[in-house]
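Engineer: Dropping a structure here in structure tokens format, bear with me for questions.
The values are calculated or read from the model by the stated rules, or taken from the named source; none is laboratory data. Note that this is a predicted model, so its numbers are computed, not measured. We place every Cβ from the backbone using ideal geometry, glycine too, and count neighbours over all the protein chains shown.
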Amino acid sequence: MTLRARLTLWYAAVLAGVLILFGGAVYVILSVSMTRQIEQTLERTADDILRASQRSVGGITLLPPLDLTANVYVEVFGADGALVDMSANLSASQTSFDSAQLTAKVRTFSNAQAGQVHLRVLTVPIVVPPGERIIGYLQLASSLETVVQAREMLLLLLITGGMLAVVAAALVGGATASAALRPLDQVTETALQITRADDLSRRIPRSGPANDEVGRLILAFNESLERLEHLFETQRRFLADVSHELRTPLTSIRGNVDLIRRMGKPDPESLDAITSEVDRMTRMVQDLLLLAQAETGKLPLASAVVELDTLMLEVYQQAKILAQDKVAVHIGREDQARVLGDRDRLKQVLLNLVGNALEYTPPGGRVTLALSCVEDWARLTVSDTGPGIPQDELPHIFERFYRIDRSRRRTAAGGAGLGLSIAYWIIRSHQGRLEVASEVGKGSTFSMWLPLHMTRPPAMADVRPSPAREARELEGRQRTR
Ligand code: ADP
């Protein structure tokens, strides 16, 4: 059963229930109060007769005229049950209205029937002192026809009126439910269209108020669609980037294999080229795996105290060898700083930053490493006098496969644009942050911020961002690309 039908049914059923309760109450109250009125008339008449009568132990000595009202019938019986007198509106052949009551000790109301006519009967024992001896009975009756008719009329009115009201309520309820649920049909239709056309760029148009239930549903649905669209777009771009990056080494391998085949024997240069490309692909696949682990917060990290100053010195030694006198490598400020984390991963990040600085800094340039403590944080910087990074590129520098100018890459073994992305995630996994400041033509400074290892927890250590939120931040930036 549809929601619309269920709502309509509920609406009608509730109204029918209310009407039945209300109608039943009116019916009972009406019949009780009308009967009560008749009973009061009977009682008043009985009192009048008794007041005007004279009684003695032997029996009733004087009765007033018994034609008081047209709708009240009176009979007077002796103690033996014999009819003594009756009102003028009764025929001579009249017997007791309700003979069963002629033994009653107190005033009693009862129902009786005379032919088709329903009667309300009051039996009053006529008593005389001493000892309240019963010397006879007064029996009064009144027709209940007005009550019966009023009840029938009311019943008819309640049934027809109630049915009309329920039908009207069902119609109005159905129409209201339809109007209220129409936007849901739109949601369903759009969802189906999206599935059919495989088009996540569609959105559900919002016509009604935005803050009602349906408005909020549409808003949430549209937000989910937006998020899905971005996820698919990211995935699509990721696949395109991966295939693009794999194509170059594969083409090179293919070319070298063809060359070997044509030459008829393996030539060492081609074999070297193949090995180098295979290494490059292996590196890339490893990097991607690492990135996937880091992005989802599943990167296994050791947690030990790391002396950053010692680590920086190690990297400095390596950098000097790598620089081969083409670029001058220096150490700037060198505070002592201890952090908690994975030494190898932190070294990997620092090496990556230094590697980039050396790679992009032209001969005669300068690369400086520095370590300082700022409040509860350790700041490790790698500055260079390289070409710098344009301001509009800076927000994207940590994205996967992002390279500023592909032609700017100088070494054939250069990375695929994953190095900074991996560095970013490793530092985030250490509850730190990686920042870059750069000026075109002057150089760049990459800063690793890590919470210092102290006896009391650092101020920002507990605000570790969730991997999911991080992913959203990065995605947000990727969208603007
Ligand atoms: P890659 O492996 O290509 O170097 P990265 O992720 O390490 O990838 O770096 C991304 C891009 O950022 C590089 O392609 C380069 O364009 C730019 N970049 C990184 N470090 C520097 C730097 N020190 N100076 C100038 N540009 C840099």
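Engineer: Taking residue 370 as the residue in question, decide whether it is in contact with a strand residue (DSSP E or B) (Cβ under 8 Å, 6 or more places away or on another chain) and within 16 Å of the ligand (Cβ to nearest atom).
Structural biologist: Spelling it out, residue 370 is indeed in contact with a strand residue (DSSP E or B) (Cβ under 8 Å, 6 or more places away or on another chain) and within 16 Å of the ligand (Cβ to nearest atom).
Engineer: I would also like to ask the following. Exactly one of (1) within 22 Å of residue 299 (Cα to Cα); (2) within 9 Å of the ligand (Cβ to nearest atom); (3) at pLDDT 95 or above; (4) small (Gly, Ala, Ser) is unmet by residue 357. Its number?
Structural biologist: Evaluating residue 357 over (1) within 22 Å of residue 299 (Cα to Cα); (2) within 9 Å of the ligand (Cβ to nearest atom); (3) at pLDDT 95 or above; (4) small (Gly, Ala, Ser) leaves (1) as the failure.
Engineer: With surrounded by 11 or more Cβ atoms within 10 Å (Cβ to Cβ) and touching a helix residue (DSSP H, G or I) at 6+ places or on another chain (Cβ under 8 Å) as the only criterion, which of 73, 27 stands out?
Structural biologist: Of 73, 27, the one residue that is surrounded by 11 or more Cβ atoms within 10 Å (Cβ to Cβ) and touching a helix residue (DSSP H, G or I) at 6+ places or on another chain (Cβ under 8 Å) is 27.
Engineer: Can I ask one more? Name the residues in the stretch 441-463 that are away from the ligand (no atom under 12 Å from the Cβ) and either out of contact with any strand residue (DSSP E or B) (no Cβ under 7 Å at 6 or more places or on another chain) or at pLDDT below 95 (or both), would you?
Structural biologist: If the condition is that a residue be away from the ligand (no atom under 12 Å from the Cβ) and either out of contact with any strand residue (DSSP E or B) (no Cβ under 7 Å at 6 or more places or on another chain) or at pLDDT below 95 (or both), then 453, 454, 455, 456, 457, 458, 459, 460, 461, 462, 463 are the ones that fit.
Engineer: Only one residue in 331, 321 is farther than 21 Å from residue 454 by Cβ, surrounded by fewer than 18 Cβ atoms within 10 Å (Cβ to Cβ) and at pLDDT 95 or above, so which one is that?
Structural biologist: Every option except 331 fails the conditions.
Engineer: Need pairs with beta-carbon distance below 9 Å; first residue not assigned by TED's automatic domain parsing to the domain that holds residue 387 and within the stretch 434-445, second of a type in the set (Ser, Thr, Tyr); sequence gap 6+ or separate chains.
Structural biologist: none
Engineer: Suppose we filter 79, 170, 100, 165 for residues that are at pLDDT below 85, farther than 17 Å from residue 39 by Cα and aliphatic (A, V, I, L, M); which single one remains?
Structural biologist: On inspection, the qualifying residue turns out to be 79.
Engineer: I need the strands (runs of 3 or more DSSP E) fully contained in the stretch 1-97, keeping only those with at least 2 residues that are without any contact (Cβ under 8 Å) to a residue 60 or more places away in the chain.
Structural biologist: The strands (runs of 3 or more DSSP E) meeting that bar are 59-62, 83-86.
Engineer: Is there a residue being in contact (Cβ under 8 Å) with a residue 12 or more places away in the chain, part of a strand (DSSP E or B), more than 16 Å from the ligand (Cβ to nearest atom) and within 19 Å of residue 452 (Cβ to Cβ) anywhere in the stretch 381-394?
Structural biologist: There is no residue in the stretch 381-394 that is in contact (Cβ under 8 Å) with a residue 12 or more places away in the chain, part of a strand (DSSP E or B), more than 16 Å from the ligand (Cβ to nearest atom) and within 19 Å of residue 452 (Cβ to Cβ).
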